[in-house]
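Data first, discussion second: the structure below is written as structure tokens.
The values are calculated or read from the model by the stated rules, or taken from the named source; none is laboratory data. Small disclaimer: the values here were computed from a predicted structure and weren't measured. Cβ atoms come from the backbone with ideal geometry, glycine included; neighbour counts cover every protein chain shown. When the accessible area is computed, the model is the full protein with side chains, heavy atoms only, and any ligands, DNA or RNA have been set aside. Shrake-Rupley method; radii C 1.70, N 1.55, O 1.52, S 1.80 Å.
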Amino acid sequence: MRPYMVGILDEFGFPVDSKLVLIVTGASVFAGTTMNMLFLRKFGKRKMTLTSQGMAALCILLLGVYCSFYDRTNRILSLAWMPVALMLLASFFGGLSLALLPWQLLSEVFPLKGRGAAGGISAAWAYYVSFAMSKTYLYLEHWIKLNGVFFFYGGITLCGFLYFLRNLPETEGKSLEQIESYFTKNYDRREMFSKPKRSKKVPCSA
């Protein structure tokens, strides 16, 4: 939706320039990626991804609810900033993990043999899906209206949360051998989803 966000914001009639809101949205994504860099080792990929995915789904679904009841002629001024806040939060949580997770996992979940080809195919698929979603957005908005688009995207994001909850292994602080074992039949489910405790440094004796 980012290529069309200025038009979406203009539909709500915000009291500020929509282009400025778009710039702040980009800054929100940057803030989220910075938080990922700072807290990834402490919380791990799985916990940050579930938080990011769940909160992003909630924000997008709430945007759908807002659009369903929005009326330009009888709108409540105190709620005029709600969609902006939800978009900023969705962008922040998207940058917190969703925008980074695929690239973080490319060098971990694929076996060494064929990792280059698998990474290339995964990246190509990601760009293809992004292209397809951008090109189909206007058709979706025409068919199911703006609130339907938010509910559709929010539903997809929620399905992603449930998928990650069931299948996403914790790879932070794990060896490649441990990660590969998670894709075999005899894997330890508790170890798969747990983050190893960081060993405390033993002080050197004088």
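Being aromatic (Phe, Trp, Tyr) and exposed (fewer than 15 other Cβ atoms within 10 Å of the Cβ) is the filter here, so list the residues in segment 137-149 that pass it.
Let us first name the residues in segment 137-149 that are aromatic (Phe, Trp, Tyr), namely 137, 139, 143.
Scanning segment 137-149 gives 139, 143.
Inside segment 109-128, can you point out the residues that are of a type in the set (Lys, Arg) and either open to solvent by less than 90 Å² (accessible area, probe 1.4 Å) or under 19 Å from residue 99 (Cα atoms) (or both)?
115
State whether the residues of segment 9-29 include one that is of a type in the set (Phe, Trp, Tyr), farther than 14 Å from residue 94 by Cα and open to solvent by less than 60 Å² (accessible area, probe 1.4 Å).
Within segment 9-29, one or more residues are of a type in the set (Phe, Trp, Tyr), farther than 14 Å from residue 94 by Cα and open to solvent by less than 60 Å² (accessible area, probe 1.4 Å).
How many residues does segment 173-193 hold that are within 26 Å of the chain's Cα centre (by Cα) and open to solvent by 70 Å² or more (accessible area, probe 1.4 Å)?
Going through segment 173-193 one residue at a time, the tally reaches 5.
Of everything in segment 43-79, what is open to solvent by 90 Å² or more (accessible area, probe 1.4 Å) and modelled with pLDDT under 90? Give them in sequence order. Explain how you work it out, then say what you get.
Taking segment 43-79 as the starting set, the residues that turn out to be open to solvent by 90 Å² or more (accessible area, probe 1.4 Å) are 47, 69, 72-74, 76-78.
Within segment 43-79, 69, 72, 73, 74, 76, 77, 78 meet the criteria.
Taking the conditions exactly as written (surrounded by fewer than 14 Cβ atoms within 10 Å (Cβ to Cβ), in contact (Cβ under 8 Å) with a residue 60 or more places away in the chain and not in a helix (DSSP H, G or I)), does residue 169 satisfy them or not?
No.
Which one of these is open to solvent by less than 70 Å² (accessible area, probe 1.4 Å), part of a helix (DSSP H, G or I) and either in contact with a Pro (Cβ under 6 Å, 6 or more places away or on another chain) or under 30 Å from residue 86 (Cβ atoms) (or both): 131, 164, 152? First the steps, then the outcome.
Values: 131 fails: open to solvent by less than 70 Å² (accessible area, probe 1.4 Å); 152 fails: open to solvent by less than 70 Å² (accessible area, probe 1.4 Å).
Within the list 131, 164, 152, the selection yields 164.
Return the total of residues in segment 35-57 being more than 14 Å from the chain's Cα centre (by Cα) and closer than 17 Å to residue 88 by Cβ.
Going through segment 35-57 one residue at a time, the tally reaches 0.
Which pairs turn up if I take residues in segment 98-126 that are over 21 Å from residue 34 (Cβ atoms) and look for partners that are in a loop (DSSP other than H, G, I, E, B) and of a type outside the set (A, V, I, L, M) with beta carbon separation below 6 Å, at least 6 apart in sequence or on another chain?
Here the result reads 108/171; 118/110, each pair linking segment 98-126 to a residue that is in a loop (DSSP other than H, G, I, E, B) and of a type outside the set (A, V, I, L, M).
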